[in-house]
Each structure stands twice: as C-alpha cells, then as structure tokens.
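Enquirer: One structure, pasted below without further comment.
The values are calculated or read from the model by the stated rules, or taken from the named source; none is laboratory data. Because the structure is a prediction, the values reported are computed rather than measured. All Cβ positions, glycine included, derive from the backbone under ideal geometry; neighbour counts span all protein chains shown. Note: accessible area is taken over every heavy atom of the protein model, side chains too, but ligands, DNA and RNA are not part of it. Shrake-Rupley method; radii C 1.70, N 1.55, O 1.52, S 1.80 Å.
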Amino acid sequence: MNEYLPWIILFLPLLAAVMIWLFCRKDPAGSAAISVTAVVAAFFCSVMLLAAGAMHYMEGDEFEMMARRSDSLFEWFGPDMMARHFVWFGSQFTWLQAGTLYVPFGVSVDPMSMFMLLVVTGVGSLIHIFSMAYMKGDRGYSRFFTCMSIFAFSMLGVVLSNNFLQLFIFWELVGVSSYMLIGFWYERPAAADAAKKAFLTNRVGDFGFLAGIIMIWAATGTLEFGPLQDVFVKHPSLVGTIGGLLIFCGAVGKSAQFPLHVWLPDAMEGPTPVSALIHAATMVAAGVYMICRVFFVFDPTAQTVIAWIGGTTALLAALIAIQQNDIKRILAYSTLSQLGYMVMAAGLSAQPAAMFHLATHACFKALLFLGAGSVIHAMSNEQDIWKMGRLRDKMPATTRTFLIGTLALCGLPPLSGFYSKDAILAAAAGKNQVLFCIGVAVAALTTFYMFRLVLVVFWGGAKSDLTAHAHESPRTMTWPLIGLAIASVVAGVLGIQQVLEPQFSMAPADSSFAPWWLCLMLRDGGLAMSQLKDAVLEPLLVAPVPMLCGLGAIALGFLAAWGLYRNAASDPLPENLPTMCRVLRNKFYFDELYAWLIACTLDALAQVAGFADRYILARGIRFISGGTDLFGRGLRLVQTGNLQAYALLTAAGIALALWLMLRS
Amino acid sequence: MSPLTLIFGLPLLAALLTALIPRNFRFVIRCVALLATFSSMVIALVMFCKCHPLDPGGMIRLKFLFEETHQWSPAIGFGYHVGVDGINLGLIVMGAIVAFAATFVSRRIETREKEFYILLMLMTGGILGAFASLDLVCFYGFHELALVPTFIMIGVWGRGDNKNFAAYQITLYLSAGALLVLLGLLALYLQLPPGNRSFDIVAITAYFQSHPIGAEAERWIFPLLLFGFGILVSLWPFHTWAPPGYGAAPTATAMLHAGVIKKFGLYGLIRIALPLMPAAAARWVPILAFLCLGNIIYCGLVAMRQRNLNLLIGNSSVAHMGFAFLGLASLSTIGMSGTVLIMVAHGFLAALTFALSGYLDEELKTLEIGEMGGLLRHLPFIGTAMIMAMLAGCGLPGFANFPGEMMVLFGSWHRYPVVVVIALWGALVIGGVYMLRAIRNIWHGAKPWPGISDPASAWRKLPFALLLACLIALGCYPRLLTDCIRSSVEPIARMASSGSVLKDNPANTIPHPAENPQLAAPKPGEGGSAIRNPQSPANPAATIPDAANVSPQPVPPMPTR
C-alpha cells in the first residue's frame, strides 16, 4: 500500500482539476469542495507516508535500534543502493526511450522530498481553505480552483521527481500554472502583462537549465538523480563550473534571483492566495529545492557564484523593500530577500540550513500574505499602506497572527525564523565573512521594513476613511491564519535540519538522526527530552556569535522603525533622502534597463529578419520568376510569323550545325 | 486487401462519387466526404492498435506490416507496394485524423461545395497514399496528386488580396522542388544495374546496402534530393512560399497542407535519401544543421514581427520544421526518432491552430492582431484551445511537441552542441516571446465584441477537441508512438551514419540495458559506478560494454518488513 501512496499524492490534485473542469464549471461550491478535499487528502497521505517511514523501524527493529541507542545513531533506512541515497519509497516506469536516451517517470521519497511534501500539501491546504472565502463571488471561481489544483499537481511533481527530465517537465508545468494564476484576472492589462513577464523570465532561466541537463546527460549518460550522485562522487568536476551554473540558471529564473528577479513583484497582480501559495511558499522555493536536490553537480567555483548571487539578491531586495508602499509588494520583496538567504546558504554548502529556512519561511510568509489578504479584503481591495492604519482594533485575530508572522520573519527567538536564520548566519560566519556581514545587514533591514509595515498598517492613526468600514474576516479565513501561526512558532525545534544533514554530507547509510518527536513515538522519553533541549538551545550552544549579531540586528531595525514610523501619517524618508528613495522606489530601474535591452537586441534582430524576409528573399524568388518570364518574352521575339525571317533562321541554323560538325 | 489501400482509397472513391452527385445536394456531398474521412480515420486507428513494435536489434531488412504488393510492369519494375512501419504509421494515422477534422471545419464553404470536396478528397487520398507507398512512382505520383489541388483551392476559395499571387507562388515553388526530387529519384533508379531495375523502395534499399552507390553519383544525387525535399518542407532559405500561402488558403487546405503534405519531404529524406547515400549525407548534414538554425531563429524572429495571425502561425510552423531537420542532421536514432515524433506532433498542432484561426476569421472577419483583443471572455472554448495550442507550439511539456524536441536536442548534442544551444534559445525564448505576445494581444485584455460566440454545440467543437486530445495523449505518453518509431528508425540511423566520422555516435543504436537481460543487473556494490569515460568520447572498440553499464535499473519499491 505504501508504495502507491506517492502516486496517489501526486495524481489526486490532477484528478480534482479534471473533474472540476469537466463537471463543475458552473458550480462554485462543488469546485471548491473538490479542490480542497484533494489537497487535504494529499496532506493526510503525506502524513501517512511519514508515519510509514517511521513505523518501518518500529515494527521488528526495535531491539536493534535500542541496542544502538548509545551513540544516538539509528539505522533509518533500508540496505543497498536505495539506502545509500536515503530513498524510502521509489518506483518508476519508462516514459520515453530511444537509443541511449532513457527517461523514466517515477517518484522517489527521501527525507528531503518527504519534508517538502508536507510543506507543500500542508501550507497548500490552509491556503486552499482560505481562498474558499477570499475568492467568493468571483466570476472565475471554478477556473481558480482548477488552476490551483493543476499547480498543486505540478509542484508535487517537482518534489517527487527522480530524474532531471521529469523535473524539467514539472518545472515548466509549474511555470504555466503560475502564468494562468497570475493572469487570472486577464481582463486587467497589468495582470496580463505581469503573467507574460513572469513566464518569459522563467523561460530564460529554463533555457540555461535545459542546456545544463543536456550537458549532464551527454557527460554521464543518465538522467536519474541516484546514479548521477554516484557518478559525481567519483568525478566531482564532470561538467565543470559551466554545467553547474547552467543548472543554477533554472533556479535563478524560478526563485527570482538577481538578475531574473524582475517578475516576482509584478506577480502580485494575481489574487492574494496565489501570491501566498506560489510566490511565497512553494513555486519560488522549487528553485532552492532543486539546487539542494542536485547539490553534487556544483563544483566549488559554481558554489561561490551561487552564494554571491544569493547574497546580492538578499541585499538588493531588502533595500528596495524599504520604500515600497503597496502591502503586497513589500511582502514580495521580502520573499525575494529571504530566497536570497536560502540560495546563499545552498551556495555555502549548508543545504540543510537552506531547506530548513525554506520550511519556516513557507509557514510565516504564507501567513503574512494571507494576513495581507485579510486586510485587503477588509479594506475593499485597497493595497496602499498609507491609506490604512489602526487596524488592530478592528481586526484583532489578523493583527495578532500577522505580528507573530512578522516576528518569525525578523528572527526573534524562540520562533521558527530565529533558528533557521541563525543556521544560515552560522554557516556564513564559518565560510565567508563578507556574506556574513551582508546577512546581518539584511536581517536589520528586514526588521526595519517589516515593522514599518506593521506600525503603519496596524498601529498609528487611521489614514483614510476606508478603515472605518474594516472588520474581521470570516472564520474560514482566520482559522488558516491561526494554523500557520502555530506552525511558524513550533517549526524551529522540530529538528528539520538535523534530519536532512546525513543526506547532504554523503555520509554512510547508517548515520541518521532521530528527532525528539520520533523518540517519543519510540517510547523513549529520556532521549526525547534531551533532544528537545538540544534543539531549543542549539544556536546558543553551537554558534553564539552569529546569534548575538542577529539579535543585535533585530534590535537595531526595530528601534529605527519605531522611531520613524510609530505615529507617522506619511513616509518621512523621501523628504530627507530624496535621491536614494527615488532609486529604491523605482527598484533600481531594472525594468527600464531590461526593456531597453530587449528592444536593442531581440526586437532589432526581428526587424532585420523581417526586412530580409520581405525584401531580399521574397524578391529573390520573384526575380527568378521574372527572369523566366523575361526569357520567355525574349524567345517569343523569334516567332514573328514572317516567312522570310523563318527562312533566314533556318539557314543560320544549318550553317551553325555544319560548322560544329566540320570543326571536329 | 491491405487496410492501407482502404485508407487512401476511400477518399479517392469519395471524390469520384462526389463528381456524380448533383451540385445542389449539398448535404449529401458533405456527408459522403465526412463518411469517407471518418472511415479512413477509424481504419487507421484500428491499424494503429494492431501494430506492435517490430523487434529491434540487428535488423538487416526493413520490415513492414500490412503489406500488399502487385506487380504492374515487371519490365521497368513498377508496381503497387504499400506497407507500414514505425515511421509512416504515425504519419498515416495523423493524416487521417487531420483530414477528418479538415472536412469537418469546411462547413463554412458556401460556394461550389462540390468542387471543393472533390479537391479535398483528392488531397487526402493523395497524401495518405504517398505515405503508404513503398514504390517510388506511386510515392511521387500520389504526392503530386495531393499538391495540385492546392492551386485551385487557394485561387478559388482563398482569402486576402493577394491570394492569386500566393496560389501561383506556392504551386510553382513546390513544383520546382518536386521536380528536383523527381530528377533525384530517377537518377537513383538509373544507378541500379540495367537488368535488375525496380522502383520498389524495399528492393532498392536492399540493393544499395550490399552495393553502395559510387561516390561521383552520390555527389550530385544527394543534393538534388536534399534540396528538392527541403523546398517541400520549407527549409531555409526556401521557405518564403509558406506564410503567404497559408495566409491565403482556406482553412481545410491550410490544415492539410501545413499538417500533412509538408511532412512528405521529411519522410522522403528519412526513407530514401539518408539511408541510401551515407557518405554524401555525412558531407551535407553540417550544412543542413546550419540551415535549420535559419528556420528556427530567423523564422522565429520574423514571426515576432507579424501582425496577421495566419502569417504568425505560418512562420511558427516553418520554425518547427527547423527542429525536424536538426533531428535528421544528427544521424542518430534519438534524433531521427525525435524528427518523426515532431512530424506527427506538428501535424496535429498546425491543423489545430489553422482550424482555430479559421474560426476566428469566420467570426471576426479579420485576422489582424491589432484589431483583436479581449477575446477570451467572449470565446472561452476557442480561446482556451488556442492558448493551449500556442503554448504547445513553444514546447510546453504535456503536449506532443515537447518529447519530440527533447529527443532531437539530446540526439544532436554530440554532433552539434553549439547548434543545439542556439536552437534551444529559439525554441524556449523566441518561441515563447511571439506566442505570449500573441496571446496577450488577442485573448487577454477587455474589449466588447457584440455578436460573436463559441461554436454552438458539442458536435461543432469536435474537430478542435479531437486534435487537442491527440496532442495531449501523445504528450503525456509518447511511448504510444516512439516504441514503434525507434525500432524502425534504428536500422535507418545505422545505415545513415555509417558514412560519417562519428561512427560510434553514443546517441545512436546502443540498446538500453533494460532490453538486454544479460547486461541488466549490476551487483549491489557497484551499482551505477561504471561510466563512459569523459575524456575519450570516441572509442570504437569499447562502446557497447561501456555505455551499456551507464543506465540505472528500475528502482524497486521498498519491501515491507
């Protein structure tokens, strides 16, 4: 039974999408019910899968495990090749085969994908439930849920894939689901343009990605991750820096890293649940997941480049966020910045830290976006923070959960963000001091702009009349917020990083880690308590300096925001620092730069090609036909109808023939 | 009687019957045509289900199914020989389905229906016969039968101001190409020894395998065939006939021509030119690879500039043919299988897009993109179908073009890595740009359009849904076709690459360990460890054992304890 669970998890949302599109197009309640049921069922199946993996050792292996308890290492997985790659369940069938190209279609569940499954289905379920109320009354309600289900299917496919080409297939499908969802309100020009921009920017990244995949296949002959890892362990620089960077291109596009970051803020044109699910929690995380999945492909130079791009993105986005006035744009740039953190961690070979931050970020960023959606819903679709204010009286539940999310994002202990950010800062401190300083600076900036947001929206005085009509959202919207808030609080001490560690250190198969909740399941209370204590105090014990720097950054940012924005009726910074604020508000003019570049290159080339096609090649053909016509007219001159002319020509012909014959 | 004879014979019979029906029995005429193409389609699908992949490995002779042979003139070796193998199976099925869809959407022809349907049936019978034929005379003759009606159809029922010019241009240009092909085929026939001459493709292939053609003869026959067939498939720079021709053609003609008839050239190259003249092929394929870049990049850029929807689709169709040529130029099993898959996929895609744009033309009376906008709200079904078709055109997974393009790119990497990278840019980015710009300008946005609507009944939506379903089915499970394709392409790829330097092209014919039991299971300790040595890619002696150990085994599900 358990072997089929991954397939069920994968195909349930697709089935839901097909059913909604065929049968429930005119039935909003039905389509919502089918879609939500599918995702929630997938979540429960994922939990069952996790339990199955844990149960695997509870039945029958208890005594061996107890015997090895002394060195706190448990044999977590089965023997042989699957064990070497920590795969729990895996199965596949042949999708395409010709010559030496063998492309399977399969699922593979190992700790990393198990954990992503939980994140995607868990956060996804809560967001689906939230959108039932948020999108009520919209004309395209059924279409929305169809697209959300297709997105869920594609994202689960990315997570479960066991080979490069299948990953690419689902990668593209995620891109197209995002296109459909960003452009959901396609009648709005801004939304349609944003969808096109997102898809095309992703495509530029996909170009590099596919080129890298072909290079890897050509060098190794296989596309599957397990065998590839074996190969790369033996020959680390098989495809060199170029191959690694090409593969990273895909992540640059999908996770909106510099220089392909321009699509993410515009993607806020989509409905808020879409921004929460796709552009905060899952799709943009797919890039980070991919880099961690194929970490063995990157050689040290490539890893340095990756780390620097991550750090640059983090800093760039944090700076731009300081001067944005649209609540969703601020959160979008915040997402960009946190993604930069994750990519930086992956580049510093701290992939478990990156995945850890991915999980915690999914929880609190989804929470923040849904909270923003709640606010927008209450403010009759107004998104400018300078028209809000004093909402904490009107919307207590939203305020509290939003505050928890903000504190988690800033990294206040003991919330989850503290642990994950600290893991990244610790990794940076150990490997690259400059990136560590950038990380700390970004932490300060994060606190600054997030508290700017919170103070202006929820505190201070009311800045417009719209706040008078604001009211708390219905329960289907607040309960997911509470759920995500709980997740944001506890996710830090679940031991996620330690569970993933063995997979990346390419340690032997019998080294693994059992977190405290597993110890509880194994009825080992003492070990559970000590693991829990270790988990809670880990940053203090392992790397105190980064932790203190992080806390200092939080304090600095909070004080600056408190001082400037506590009672501000409008933004005080632009008057005092006009040029800098203008540059930041215009996002460093990247959009204008890219528009100019495209016009200079692609459109110019297209004009040349069009000109050549119409005037050179086509005229060339007409020239030939004109030539034939001219030749015919020339020959026609011979047909005069005049007998003497014919006699003359006959005589000339005979003379010519005689001359030719007598010559030889 | 082979089902193949029925498949192309029924439309020809229908053409004859229609000639006898009085002009004003419009419903009867239409029914006869529909019935004929429907029967062809059903027979083709049944035949498809009955075809099993021919066993691979060590094939000396080409093997065909459903063969039927009649000797008509033993003196010159001309007879009737039809048969199907992996390569033309997909083409025939695709052709039958497209013909049915084309007949279906022709309900809008209001004048001279009788002549129109006669010509349509002639086209259908002709091209299906050309794909099924294994005799060179029938092969060429059926193609000409399919080609000539385009002239009349574009001239009489075409649209646009310069339809006459377009009609003349397409017919004369393609006839010139066909003339070059005829010269090449006759020259090939004359290379056979005088007592033993035959037009039969199987016999010719068997003869030339054992007695290769002389180098001087190859030198001039191959370019004739290459460029002759190339013109028929709009190889750059001989492509300018395609966009205006499709722009001016009535919907059914555009569907059949772009979808089916255009593939004749590629089929001819795979069947005749490449396997029989490997040395010349080795010399000419680098040029072909360069020219196909012209198709992909140049025509993609031209498509970006188009303001008329049909011209855009026409240029995009020419760009796709670039991929097909790249697959041929790779001379490998993977690449050539990809080409055949692209041929089938593009047939469905081109037919679908032209059908949809024909519907738009009917409703809006214009095909200028500047005058459209905001149509998705008013035409949800057509809009969704066209958005899916356009995304399929830029290589979205889930549609049949994706596996085809992937196979072509993977198969061509070893020979032309630079070309593959540039082609990738053309496919992903340039293709994405013009398709998405088109979607943005036609379907997105808000604009009032009084009086237009989707096709009223499910019956009228059938042709679009049918073509879309075929695209998605092949895209989700390409093995429906590729298993048959690769087993037939393998001997051809082997013959074609036998003249070239990259003799042991790793992308060629080394079978996958899953098919070869004794190479299948490595011992647990060494699983996945043996790998083709990256420093020395070309080592003729050690190819099969090395490369065969590369691929992994199916991962078994974990045993529950």
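Enquirer: In nm, to one decimal, how far is the modelled label at B:Leu480 from the one at B:Leu35, with both set 7 Å along Cα→Cβ?
Expert: Output for this residue pair reads 2.8 nm.
Enquirer: Could you tell me how far the Cα centroid of region A:401-443 sits from the Cα centroid of region A:264-291, in Å?
Expert: Between the Cα centres of region A:264-291 and region A:401-443 lies a distance of 21 Å.
Enquirer: How much mean residue ellipticity at 222 nm does the protein assembly as shown get from its helices, if each DSSP H run of length 4 or more adds -39500 (n - 2.57) and you divide by all residues, to the nearest 500 deg cm²/dmol?
Expert: -22000 deg cm²/dmol
Enquirer: Region A:397-469: percent of C-alpha pairs farther apart than 19 Å?
Expert: 46 percent
Enquirer: Let me ask something else about it. At 1.4 Å probe size, what's the solvent-accessible area of A:Ile322? Round to the nearest 10 Å².
Expert: 10 Å²
Enquirer: Leaving ligands, DNA and RNA out of it, rank A:Trp171, A:Trp386 by accessible area with a 1.4 Å probe, largest first.
Expert: Listed by decreasing accessible area, they come as A:Trp386, A:Trp171.
Enquirer: For B:Glu144 and B:Trp449, what does the FRET efficiency come to when R0 = 35 Å and r is the distance between their Cβ atoms, rounded to the nearest 0.05?
Expert: 0.20
Enquirer: While we're here: Leaving ligands and nucleic acids out of the surface, order B:Asp483, A:Asp393 by accessible area at 1.4 Å, largest first.
Expert: Largest accessible area first, the list is A:Asp393, B:Asp483.
Enquirer: Here's something else I'd like to know. When averaged across all projection directions, what area in nm² does the alpha-carbon convex hull of chain A cover?
Expert: Directional mean of the projected Cα hull area for chain A stands at 44.5 nm².
Enquirer: Please name whichever of A:Leu637, A:Gly626, A:Cys600 sits farthest to the positive end of the charge dipole of region A:581-656, dipole taken about the Cα centre and charges placed at Cβ: Lys and Arg +1, Asp and Glu -1.
Expert: After comparing all options, I get A:Cys600.
Enquirer: Take the alpha carbon atoms of region B:257-397, find their radius of gyration, then divide it by 2.2 N^0.38 Å using N residues; give the quotient.
Expert: Scaled against compact globular proteins, the figure is 1.18.
Enquirer: Then there's this: Go ahead and run the numbers for FRET between B:Ile472 and B:Ala75, Cβ-Cβ distance against an R0 of 35 Å, rounding to 0.05.
Expert: For B:Ile472 and B:Ala75, the calculated efficiency is 0.10.
Enquirer: R0 = 35 Å: FRET efficiency of B:Val28 with A:Arg622, Cβ-based, nearest 0.05?
Expert: That pair, B:Val28 with A:Arg622, gives E of 0.20.
Enquirer: What number results when the radius of gyration of chain B, computed over Cα atoms, is divided by 2.2 N^0.38 Å?
Expert: With N residues counted in chain B, Rg over 2.2 N^0.38 Å equals 0.97.
Enquirer: In region A:194-231, which residues have a backbone nitrogen under 15 Å from the label point lying 7 Å from A:Asp326's Cα in the Cα-to-Cβ direction?
Expert: A:194-198
Enquirer: Between beta-carbons, use under 12 Å as the cut-off and find the net charge around A:Gly492, counting Lys and Arg +1, Asp and Glu -1.
Expert: Its environment carries a net charge of -1.
Enquirer: Can you divide the C-alpha Rg of region A:146-189 by 2.2 N^0.38 Å and report the result to two decimal places?
Expert: Normalised Cα radius of gyration, region A:146-189: 1.27.
Enquirer: Between A:Ala560 and B:Ser498, what is the spin-label point distance in nm, taking each point 7 Å from the Cα along the Cα→C-beta axis?
Expert: Computed distance between label sites A:Ala560 and B:Ser498 equals 7.5 nm.
Enquirer: Now for a separate question. Counting only other chains, and only Cβ atoms inside 10 Å, what mean value do you get across the residues of A:156-168?
Expert: Shielding by partners across A:156-168 averages 1.
Enquirer: Further question on the same structure: Check the straight Cα-Cα distances from B:Lys50 and name the lysines below 25 Å, setting aside those fewer than 8 residues away within the same chain.
Expert: B:Lys63, B:Lys263
Enquirer: Same structure again: Output the peptides A:420-426, A:105-111 sorted from most to least packed, where packing is the average of other Cβ atoms within 10 Å over each peptide's residues.
Expert: Top to bottom by mean Cβ count within 10 Å: A:420-426, A:105-111.
Enquirer: Please give the net charge around B:Val28, taking every other residue with its beta carbon less than 12 angstrom from that of B:Val28, where Lys and Arg add +1 and Asp and Glu add -1.
Expert: +3
Enquirer: Let me ask something else. Let me confirm one metric for peptide A:208-215, namely the mean number of other chain beta-carbon atoms within 10 Å of its residues' beta-carbons.
Expert: Rounded to a whole number, the mean comes out at 5.
Enquirer: Can you check what the net charge comes to around A:Ile376, using other residues whose Cβ is under 12 Å from the Cβ of A:Ile376 (Lys, Arg +1; Asp, Glu -1)?
Expert: Net charge in that neighbourhood comes out at -1.
Enquirer: With the radius of gyration and the Kirkwood radius both derived from the Cα set of region B:196-252, what is their ratio Rg to Rh?
Expert: 1.20
Enquirer: Starting from one equal scatterer on each C-alpha and no solvent at all, send me the Debye-based log10 I(q)/I(0) for region B:45-181 at q = 0.09, 0.20 Å⁻¹, two decimals.
Expert: Each listed q maps to, in turn, -0.36, -1.24.
Enquirer: Here's something else I'd like to know. With labels modelled as points extended 7 Å from the Cα through the Cβ direction, what inter-label distance (nm, one decimal) is found for A:Val583 paired with A:Arg188?
Expert: 3.1 nm
Enquirer: Can you pick out the pairs among A:Lys196/A:Lys328; A:Lys136/A:Lys421; A:Lys387/A:Lys421 whose Cα atoms lie more than 26 Å from each other?
Expert: Beyond 26 Å between Cα atoms: A:Lys136/A:Lys421; A:Lys387/A:Lys421.
Enquirer: Cα-Cα pairs above 39 Å in the protein assembly as shown: how many percent?
Expert: 54 percent
Enquirer: A further question follows. Debye sum, Cα scatterers, region A:114-209, no solvent: what log₁₀ I/I(0) at q = 0.22, 0.25 1/Å?
Expert: Normalising to I(0) and taking log10 leaves -1.19, -1.29.
Enquirer: Take peptide B:431-437, look around each residue's Cβ out to 10 angstrom, count Cβ atoms belonging to other protein chains, and average those counts.
Expert: Across the residues of B:431-437, the mean count of other-chain Cβ atoms within 10 Å is 4.
Enquirer: For the protein assembly as shown, give the magnitude of the charge dipole about the Cα centre (Cβ charges: +1 Lys/Arg, -1 Asp/Glu; no others), in debye to the nearest 20.
Expert: Dipole about the Cα centre, nearest 20: 2660 debye.
Enquirer: Now for a different question. Starting from the Cα coordinates of region A:190-349, work out the convex hull volume and express it per residue in Å³.
Expert: Measuring per residue, one finds 94 Å³ for the Cα hull of region A:190-349.
Enquirer: Using only the alpha-carbon atoms, how far is helix A:141-160 inclined from the longest principal axis of chain A? Give it as 0 to 90 degrees, nearest 10.
Expert: 80 degrees
Enquirer: Let me ask something else. Tell me, what are the semi-axes, in whole angstrom and largest first, of the equivalent ellipsoid of region B:300-382 as set by the roots of 5 times the Cα gyration tensor eigenvalues?
Expert: 31, 14, 9
Enquirer: Among A:338-348, A:630-640, how do they line up by average Cβ neighbours within 10 Å per residue, starting with the highest?
Expert: Put in order of decreasing packing, that is A:338-348, A:630-640.
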